[in-house]
Structures are given as C-alpha cells and as structure tokens.
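> Submitted below is the structure of interest, expressed as structure tokens.
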Amino acid sequence: MKKMLKYLQLSLALSLLMMANSWAAEPINTLDRSGLWGYKPSGVAVRGFDTVAYFTQGEPVKGSEDIATDWMGATWYFSSVEHRDLFIGAPEQYAPQYGGYCAYGIAVDSLVKIEVDRWDIVDGKLYLNFDKKFQDNWRADIPGYIQIADDKFEELLAKEP
C-alpha cells in the first residue's frame, strides 16, 4: 500500500510538472505570483501593468481590470481608456517583445517570468527582464542579445514541454 501511495504521489508530481512546463509555452507571458507553486498563468499579460505607460509615462503603472482588452489570447490591463485605445490601434507597437517573457532569458534559451520594474525601451520597442542581474547582463550587449533572442523566440515557444 505504501508503494502504491508513493507511486501515486510521484505520478501527481510529474503531472503537475508537465502542466507547468506546458504553461510556459504560451505566446504571451501571463505568469503571475499566486498559488502554492509560485508563479502560474493568470490569463493577464504583463502581470496587469499598462504597457502603454512605459512609453507615455516612462514607468510601470498598474492597469485596471475595468479598462482592459483581449489580444493574442491574453487580457491586457490599462490605467486609462486613452492607453487602452492606443494599444488597440497598434498592439504590436506597445506590447513587449517576446510576448512579455524576459528578454535576456530568451537570448539564453529560457522562457522566464518578468518583474515589471526591469525594463528598457530600445528603438521604440519594450523589453522586460526578470531581475537586476538579468537586466545588467542584458544591458552589457543589448543589440547582440536582441539579435540572438529574435532568432530563438519562436523556436522556444515551439519546443515540446
């Protein structure tokens, strides 16, 4: 009986791990802090922050679920109707690169969550990163890492979990 229970626990753990890996392959990063397992998909892009605000206000600004739109299978929150309308008119202009996954992470072969205060706008495009160390590495060779990440992103999404 104990062997059977251990087998069931192991099977459950492996199943949860496979589900977590399959979540990572979504084209838009909707990972958010919640639940027992740390980060899990919420359905909300950029952890609920207004991507237009990075361009217009130069800082991360929390969006509102009352001012939202859906794009590419995720819900995007905004801090104003004006920002939502700007996004709807040109989502590719305001959405972060690599679906909102960590830009440095993509360059080094991983789909990594982000922190909203680790960001750069380069040539009119928003790039998000995981933490200070990742962002420092990213900033050491932004053009090189963009070239690498541009080539890898679609491949990373297509990998089997």
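Read the figures in this text as sums done on the coordinates, not as results from a lab. As the structure is a computational prediction, the values presented were derived from the model and not from experiment. Reconstructed Cβ throughout: ideal geometry from the backbone, glycine too, with neighbour counts over all protein chains shown.
> If you take the residues in the stretch 37-64 that are part of a strand (DSSP E or B) and either aliphatic (A, V, I, L, M) or touching a Pro at 6+ places or on another chain (Cβ under 9 Å) (or both), which one is surrounded by the fewest Cβ atoms within 10 Å (Cβ to Cβ)?
The extreme case among them is V44.
> Would you be able to tell me the number of residues in the stretch 65-98 that are of a type in the set (G, A, S) and surrounded by 14 or more Cβ atoms within 10 Å (Cβ to Cβ)? Step through it out loud before you land on a result.
Filtering the stretch 65-98 for residues of a type in the set (G, A, S) gives 68, 73-74, 79-80, 89-90, 95.
Applying the additional criterion that residues be surrounded by 14 or more Cβ atoms within 10 Å (Cβ to Cβ) yields 68, 74, 79-80, 95.
Of the residues in the stretch 65-98, 5 are of a type in the set (G, A, S) and surrounded by 14 or more Cβ atoms within 10 Å (Cβ to Cβ).
> Return the residues of the stretch 104-127 that are farther than 11 Å from V46 by Cβ and surrounded by fewer than 18 Cβ atoms within 10 Å (Cβ to Cβ); say none if nothing qualifies.
If the condition is that a residue be farther than 11 Å from V46 by Cβ and surrounded by fewer than 18 Cβ atoms within 10 Å (Cβ to Cβ), then V108, D109, S110, D117, D120, I121, V122, D123, G124, K125 are the ones that fit.
> Another question, then. Determine which member of the set Y101, Y145 is surrounded by 13 or more Cβ atoms within 10 Å (Cβ to Cβ) and over 24 Å from G63 (Cβ atoms).
Working: Y101 fails: over 24 Å from G63 (Cβ atoms).
One residue alone meets the criteria, Y145.
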